Amino acid sequence: MSNSDSSAATNLSSQDPSTNKSADGLTNITDTLSAIATDSLPTDLAELAQIVQTAAKRREGDCLALLALLRLLNELHYDIRETLFRESLPTNRQRLYRLIKDIEQEGGWPYIRRMKLVALLACLEEIEETEEINAEDEAMSS
């Protein structure tokens, strides 16, 4: 991987999703991918980002299909990290220094944030509240 590819990959994975949260506290994929400077990415990575965004939009509203996409991305992240990336780690001090310097300057280590169980429980509470309101409305109209 060239320095520009490495830098771009780090930029892609180090975006702070906390700046792109919707009202429900979840990250909005359109905002996140728009925030990524795709013009600074190599063409193949910019195309990949667009393909992932399109795949996610096609599955919008289908929780299980989106979960499958997230699992796939997680598997790919793990596979790349444990094979290709690990094998390409620096073998001398100068290269190690360049890697660490790039990590510091370009935004840190790639990380895939997982949704917290608390967020799922909040969705459950909203569903229960809606069902209670609907039940009360039905009881009043009867």
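The values are calculated or read from the model by the stated rules, or taken from the named source; none is laboratory data. From a predicted model like this one, the values you see are computed outputs, not experimental measurements. Cβ: placed from backbone, ideal geometry, glycine included. Neighbour counts: every protein chain shown.
Brief remarks on what is shown
- Of the set (1) surrounded by 10 or more Cβ atoms within 10 Å (Cβ to Cβ); (2) of a type outside the set (Gly, Ala, Ser); (3) within 16 Å of the chain's Cα centre (by Cα); (4) not in a helix (DSSP H, G or I), all apply to Arg113 but (1).
- Checking Ala8 against (1) at pLDDT 90 or above; (2) over 15 Å from Ile112 (Cα atoms), the condition it does not meet: (1)
- In segment 44-94, residue surrounded by the most Cβ atoms within 10 Å (Cβ to Cβ) [restricted to those that are among the hydroxyl-bearing types (Ser, Thr, Tyr) and over 25 Å from Met115 (Cα atoms)]: Ser88
- Yes/no for Leu96 being closer than 23 Å to Ala49 by Cα and part of a helix (DSSP H, G or I): no
- With respect to (1) surrounded by 12 or more Cβ atoms within 10 Å (Cβ to Cβ); (2) of a type outside the set (Val, Ile, Thr); (3) in the same structural domain as Val52 (by TED's automatic domain parsing), the lone exception for Ala122 is condition (3).
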